[in-house]
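Enquirer: The structure is given below, and queries will be raised subsequently.
Values in this text are rule-based calculations from the coordinates and carry no lab data. Quick caveat: nothing in here was measured; it's all calculated off a predicted structure. Ideal geometry is used to build each Cβ from the backbone, glycine not excepted, and the neighbour counts take in all protein chains shown.
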Amino acid sequence: MESKLELLKETQPFKLLPEDVLIGIAEILEEVYYPKEKLLYQQDTTKLKGLDIIAEGNYESFFYDAGHNRRDLEILERGSTFGGISVLLNKKRALKTIIAKKGTKVYHLHRKEFRSLCAAYEDFFHFFTSDFGKRMLNEEFANFYRKPASFEESYIASEQLYSRKIEGVIYKDLVTANHNTPIFEVAKKMSANKVSCLFVEDDDKNIVSFVTDITLRDKVIAGQRHSEDPINTVADKNIVAISKEAYIYEAILMMFRTKSRYLLVADGNNGYLGFLSRNRLLSEQAQSPLLFIQSVKLAQSSKELKSKWQKVPNIVSQLLGRGVHAEIVNEVITTIADTISLKVIEEVFSEIGPAPAKFVYIVLGSEGRKEQTLKTDQDNAIIYEDKANEQRELVRGYFLDFSTRISDKLNDIGFDYCTGGFMAKNPQWTHSLSHWKNNYKTWIEDALPESAIKFSTFFDCRAIYGYTPIIDELREFVDSELKNPAEKFFAYMAKNALQYEPPLTFFKNIKTFTQDKKEVFDIKRAMTPIVDLVRVYALQNRIFQKENTGERLKALKEIGVFTETQLNELMQSYYYLMSLRLRKQAQQILENKLEPNNTVDIESLTKIELVTLREIFKTISNFQEGIRIKFTGGNLL
């Protein structure tokens, strides 16, 4: 036991883990000894059962070329590992051929335990993805590495989708023209530079819009515009930019959300390095689940959308199986759900015609935070602009019909009606902007305990369709109200974060209840205190632009509410629980053919998972005590 623990403490990336976790790992490591030289794994053939940690002796690691010559030879000695990249990124198949030399002793960690560590500790996971990225820079390694199979076999992109940044992609140079340039001159410039997108600058050289081949076709030729008109009369002003520090998956998701086919790449100094096209990024990610999102956008009916949604658990299972961070998985699920909602909204417009007033369709709760899981119901609302008295009933009648049709279609697709009635279909949650302002004013001023608990979900809202200045105005109003809230408002919001206690017994074991003859705990209730405590801190500091729990935590750390250590503890705790929750839900759907729920069978957990959960629940309890003292003076109110 001691020798195993000492080895782990000197081995990357295990030495990044807490000591109590290392003790748990040491207890379950399986010792294997090879008295004679032995061929263990054959490249791209042998399926690995887990990760090997070399304690004594060494492994020979290499590729065989077509002439059966050993290529890219490496000697792996004490403290080296083999199998991590293979399990995470190569469908469990050995990445290289391995020969154990005479007298080699290794400790074996089963892949289930290994993946649990990857899900729990981001730095641990990224050690292997980073190592793979470095290896792919080696021309010989890249030549022999076989890429994952077809899109039909797996929706999962290569590791580069999740660890590679925009700055590592070759983007196109900007081609620009002044906003007063005649249309025909712009077309000639695009042709000469062989680009399908040109960016338009104002007189101060600021990029203000862009034109594409489609712009010229639809607005100039089809619209019979004069070719000598200035380009700014037809240019698209929907400029979208992303930092070069962003990841590829973030760029693609941003394109889907903004409906933009082109992204400017910002260099951080108010300038642009070039631009990226959606087609280019997707073509580089031929196995990405983001291509699946594109297929959702092309769906022609609610029946087809339902079929698409039923495929999501498989995508989630494979993403988590590859060790992809739960925050990314949440974002993929949410983007698919948003895309389905947008398709439904467009379908309803085709049935009843355009809206008689400007409006915004918002989502609430977990979807509002981009933290949607596989057990999901509808949480949405509609805010429309205020109209003159004679138009109010007409406008209201339209939006109630509109929202009812949307909710009914979403329910048919698989997004259940909200049992609490927090849906736009409910007349209470489809109203004018002035009515919504009054709602928030009442909740803040009354500061009733039941309001804090019942309506907290409305402080997690996000627009997915419509005229966004409406929700911007509402946020500005809420911001001003929160500058001088009722004395007990934050105290009652804090109490909301204290009503669920982490499931720990007096002796720090996990508290369970019996369900279907199994001992289980509710993982959603275990996560809720983190969501609630982060929300109350965000509201107190009037942080509205950060939507999900992780983004809010980082913003709160930047202004000194949380330390770096506290940030890491909460982030790791929250997303470990989220990963476990998503994995169990996918398992319920795919393997057990059951409706997903939020309970976890204690017997299904590994020793490492149990140790990790106990530590997480202690962490949550400590943070709850902190919020109790800060907002309630230690009282329960």
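Enquirer: Could you name the aspartates and glutamates in cross-link range of Lys105, using Cα to Cα under 18 Å and dropping any fewer than eight places away on the same chain?
Expert: Glu2, Glu6, Glu10, Glu27, Glu30, Glu31, Glu37, Asp52, Glu56, Glu60, Glu74, Glu77
Enquirer: What are the residues whose amide H is under 5 Å from the amide H of Ser243, where those residues sit 5 or more places off or on another chain and H is modelled from the backbone?
Expert: Under 5 Å from the amide H of Ser243 lie the amide H atoms of Ala266, each far enough along the sequence or on another chain.
Enquirer: Which GluC sites (Glu not before Pro) does the range 469-526 hold that lie in a coil by DSSP with at most 14 other beta carbons within 10 Å? All intermediate terms of the calculation are to be shown ahead of the outcome.
Expert: Working: sites: Glu473, Glu476, Glu481, Glu487, Glu519; in loops: Glu487.
Sites meeting the loop and neighbour criteria: Glu487.
Enquirer: With labels modelled as points extended 7 Å from the Cα through the Cβ direction, what inter-label distance (nm, one decimal) is found for Ile23 paired with Gln587?
Expert: In this crude label model, Ile23 to Gln587 measures out at 2.6 nm.
Enquirer: Here's another thing I want to ask about it. Roughly how many debye, to the nearest 20, is the charge dipole of the chain about its Cα centre, given +1 on each Lys and Arg Cβ, -1 on each Asp and Glu Cβ, and no other charges? Each step should come with its number before you reach the end.
Expert: Numbers: 87 positive and 88 negative charges, 247 e Å.
With Lys and Arg at +1 and Asp and Glu at -1, about 1180 debye.
Enquirer: Over the residues of the range 208-333, compute the C-alpha Rg and express it relative to 2.2 N^0.38 Å. Kindly include the intermediate steps, with their values, before the conclusion.
Expert: Details: Rg = 18.0 Å, N = 126, 2.2 N^0.38 = 13.8 Å.
Relative to the 2.2 N^0.38 Å estimate, the range 208-333 comes out at 1.30.
Enquirer: Here's a follow-up. What length, rounded to one decimal in nm, is gained on full extension from Glu74 through to Ser227, with 0.36 nm per residue of separation minus their alpha-carbon distance?
Expert: 48.7 nm
Enquirer: Go through the range 470-480 residue by residue and turn each phi into a ³J(HN,Hα) via Karplus (6.51, -1.76, 1.60, θ = phi - 60°); whole Hz please, and just put x for glycine and proline.
Expert: Result, rounded to whole Hz: 5, 6, 4, 5, 5, 5, 4, 5, 4, 4, 5.
Enquirer: Filter the cross-link list Lys92/Lys511; Lys311/Lys370; Lys343/Lys370 down to pairs whose alpha-carbon distance in this structure exceeds 23 Å. Intermediate values should be presented prior to the final figure.
Expert: Values: Lys92/Lys511 35 Å; Lys311/Lys370 19 Å; Lys343/Lys370 18 Å.
Those over the limit are Lys92/Lys511.
Enquirer: Simple spin-label model, 7 Å along Cα-to-Cβ: Thr419 to Gln391 in nm?
Expert: Each label point lies 7 Å from its Cα, and together they span 4.1 nm.
Enquirer: Mind checking which aspartates and glutamates have their C-alpha under 13 Å from Lys91, skipping anything on the same chain fewer than 8 residues away?
Expert: Asp44, Glu153, Glu159
Enquirer: Past 30 Å, Cα to Cα, is the threshold; run Lys554/Lys584; Lys518/Lys546; Lys47/Lys518 against it and keep the listed order.
Expert: On the way: Lys554/Lys584 27 Å; Lys518/Lys546 39 Å; Lys47/Lys518 33 Å.
The pairs that break the limit, which is 30 Å between Cα atoms, are Lys518/Lys546; Lys47/Lys518.
Enquirer: Restricting to Cα pairs below 8 Å that are 6+ residues apart, what does the relative contact order work out to for the range 299-478? Please round to a whole percent. List each step's numbers first, then the result.
Expert: Numbers: 215 pairs, mean separation 52.3, N = 180.
Reported relative contact order: 29 percent.
Enquirer: From the C-alpha gyration tensor of the range 2-146, pull out the three semi-axes of the equivalent ellipsoid (sqrt of 5λ each), sorted largest to smallest, in whole Å.
Expert: On the way: eigenvalues 120, 68, 31 Å².
Working from the Cα gyration tensor, I get semi-axes of 25, 18, 12 Å.
Enquirer: Quick one: divide the alpha-carbon radius of gyration of the range 326-370 by 2.2 N^0.38 Å and tell me what you get. Let's see the in-between values first.
Expert: Details: Rg = 13.0 Å, N = 45, 2.2 N^0.38 = 9.3 Å.
My calculation over the Cα atoms of the range 326-370 gives 1.39.
Enquirer: Right, next: Taking all pairs of different Cα atoms in the range 364-411, averaging 1/r and flipping that mean, what Kirkwood radius in angstroms comes out?
Expert: Numbers: mean 1/r = 0.0790 Å⁻¹.
This gives a value of 12.7 Å.
Enquirer: When the Karplus curve 6.51 cos²θ - 1.76 cosθ + 1.60 is applied with θ = phi - 60°, which whole-Hz ³J(HN,Hα) does each residue of the range 586-598 get, with x for Gly and Pro?
Expert: 3J(HN,Hα) across the range 586-598, in whole Hz: 4, 5, 4, 6, 7, 9, 9, 6, 10, 5, x, 9, 10.
Enquirer: Checking the cross-link filter: which aspartates and glutamates have an alpha carbon closer than 17 Å to that of Lys409, excluding same-chain neighbours under 8 positions apart?
Expert: Within the straight-line limit of under 17 Å, Lys409 reaches these aspartates and glutamates: Glu304, Asp338, Glu346, Glu347, Glu351, Asp377, Asp379, Asp401.
Enquirer: Also: Provide the FRET efficiency to the nearest 0.05 for the Val175-Gln294 pair, computing r from the beta carbons and using R0 = 30 Å.
Expert: Numbers: r = 26 Å, r/R0 = 0.87.
Taking R0 as 30 Å, the efficiency between Val175 and Gln294 is 0.70.
Enquirer: Could you grab the relative contact order for the range 166-284? Cα pairs under 8 Å, six or more apart, rounded to a whole percent.
Expert: On the way: 183 pairs, mean separation 30.5, N = 119.
This gives 26 percent for the range 166-284.
Enquirer: For the range 506-637, count all C-alpha to C-alpha pairs, find those more than 18 Å apart, and express that count as a whole percent of the total.
Expert: Values: 5119 of 8646 pairs.
Tail fraction, whole percent: 59.
Enquirer: Here is a further query. Using the Karplus equation 6.51 cos²θ - 1.76 cosθ + 1.60 (θ = phi - 60°), what ³J(HN,Hα) coupling, rounded to whole Hz, does each residue of the range 249-255 give in order, writing x for Gly and Pro?
Expert: 4, 5, 5, 5, 4, 4, 4
Enquirer: Computed over the Cα atoms, what is the radius of gyration of the range 322-457 divided by 2.2 N^0.38 Å, N being its residue count?
Expert: Details: Rg = 16.1 Å, N = 136, 2.2 N^0.38 = 14.2 Å.
Ratio of Cα Rg to 2.2 N^0.38 Å: 1.13.
Enquirer: For the range 312-401, report the translational diffusion coefficient in µm²/s to the nearest whole number, using Stokes-Einstein at 37 °C, 0.692 mPa s, and a Kirkwood Rh over Cα pairs. Walk me through the numbers before you get to the answer.
Expert: Numbers: Rh = 15.2 Å.
Translational diffusion coefficient: 216 µm²/s.
Enquirer: Just the Cα atoms of the range 533-598, one point each, no solvent: what log10 I(q)/I(0) does Debye give at q = 0.13, 0.18, 0.20, 0.26 Å⁻¹?
Expert: Once normalised to I(0) and log-transformed, intensities are -0.47, -0.69, -0.76, -1.02.
Enquirer: Oh, and also: Tell me which residues come under 5 Å, amide H to amide H, from Leu40 once H is placed; ignore anything under 5 positions away on its chain.
Expert: Ile98, Ile99, Ala100
Enquirer: For Asn541 and Glu595, calculate 0.36 nm times their separation in residues minus their Cα-Cα distance, and state this gained length in nm to one decimal.
Expert: Residue separation times 0.36 nm, minus the Cα-Cα distance, leaves 15.6 nm.
Enquirer: Per-residue ellipticity at 222 nm for the chain, helices alone: DSSP H runs ≥ 4 residues times -39500 (n - 2.57), over residue total, nearest 500 deg cm²/dmol?
Expert: Numbers: 24 runs with 297 residues, N = 637.
Only helices count here, giving -14500 deg cm²/dmol.
Enquirer: So, one more: To check my understanding: the extent here is largest minus smallest coordinate of the Cα atoms along each principal axis. What are those three numbers for the chain, in Å, largest first?
Expert: Reported extents, whole Å, longest axis first: 90, 71, 46.
Enquirer: Could you grab the relative contact order for the chain? Cα pairs under 8 Å, six or more apart, rounded to a whole percent.
Expert: On the way: 996 pairs, mean separation 68.3, N = 637.
Reported relative contact order: 11 percent.
Enquirer: Could you list which residues have their amide H under 5 Å from that of Asn178, counting only those 5 or more apart in sequence or on another chain, with H placed in the peptide plane?
Expert: When sequence neighbours closer than 5 places are left aside, the close amide H contacts are Glu201.
Enquirer: If I stretch the segment between Met1 and Lys92 completely, what's the gain in nm (0.36 nm per residue apart, minus their alpha carbon distance), one decimal?
Expert: Working it through step by step, the gained length comes to 30.0 nm.
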